[in-house]
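Values in this text are rule-based calculations from the coordinates and carry no lab data. Here the structure is a predicted model, which means the values were calculated and not measured. Note that we place each Cβ from the backbone using ideal geometry, even for glycine, and neighbour counts take in every protein chain shown.
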Amino acid sequence: MRPFEDVVTDEGPVVWRVCRSLLGPADAEDAWSETFLAALRAYPGLPPGSNVRGWLTTIAYRKAIDVLRADARRPVPHAVPPEPPPALPPASATDHGELADALRRLPPKQQACVVLRHLADLPYDTIAGQLGISTAAARRNAADGLAALRRNPTLRPHPDLEPARP
């Protein structure tokens with residue numbers, strides 16, 4: 001079994017893409033950290049020969065969903081007017097905010113299939129197993145989600161939206 005530090009180095013960018021595609025920058029950092037904390041605890045018990053990338057992206061996806069659910073449960077004060085948001089830093093070359101916003105607007109299964117297939121580069125059978133759906137449903141959800149993204153007029157062509165090769 002590879003040292004966990006090597007796993008973090010090798011798979012960290014993929015986990016980051018999964019977290020960032022579903023969450024804003026601050027929440028994505030928290031979900032990324034939570035993913036590797038949970039993985040560190042469970043890594044010694046991972047069976048040899050396991051798909052580590054698939055395992056980590058499943059944890060990352062679930063951590064991101066936990067953040068979204070927690071945000072939805074937080075009460076919003078109505079009596080106090082909101083403060084103006086702080087100025088956002090300029091978007092970097094790796095911060096595809098328009099794409100992330102469009103991904104967040106997809107239905108949950110389409111969102112999950114697009115993220116796991118095209119950003120985490122997982123095969124459809126692995127995605128199907130993670131989401132508890134058939135391989136055909138994973139393909140259909142990914143295709144429908146990708147089609148919706150391509151129809152979005154605010155998005156520029158992006159290399160992550162190119163069809164994956166089987």
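Listed values, structure above:
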quantity: ASP125 paired with ARG69, simple spin-label distance in nm, labels 7 Å along Cα-to-beta-carbon; calculated: 2.9
quantity: Estimated vicinal HN-Hα couplings, Hz - the range 14-30 in sequence order (Karplus 6.51, -1.76, 1.60; Gly, Pro = x); calculated: 5, 4, 4, 4, 5, 5, 5, 6, 9, 10, x, x, 5, 5, 5, 4, 5
quantity: Cubic angstrom per residue, convex hull over Cα atoms of the range 108-157; calculated: 64
quantity: Surrounding net charge for ALA64, when Lys and Arg each add one and Asp and Glu each subtract one, Cβ distance under 12 Å; calculated: 0
quantity: Amide H contacts under 5 Å for LEU122, placed H, 5+ residues apart; calculated: ARG117
quantity: Separation of the GLU5 and ARG150 label points, Cα + 7 Å toward Cβ, nm; calculated: 4.5
quantity: For peptides 62-70, 16-24, sequence by mean Cβ density within 10 Å, most packed first; calculated: 16-24, 62-70
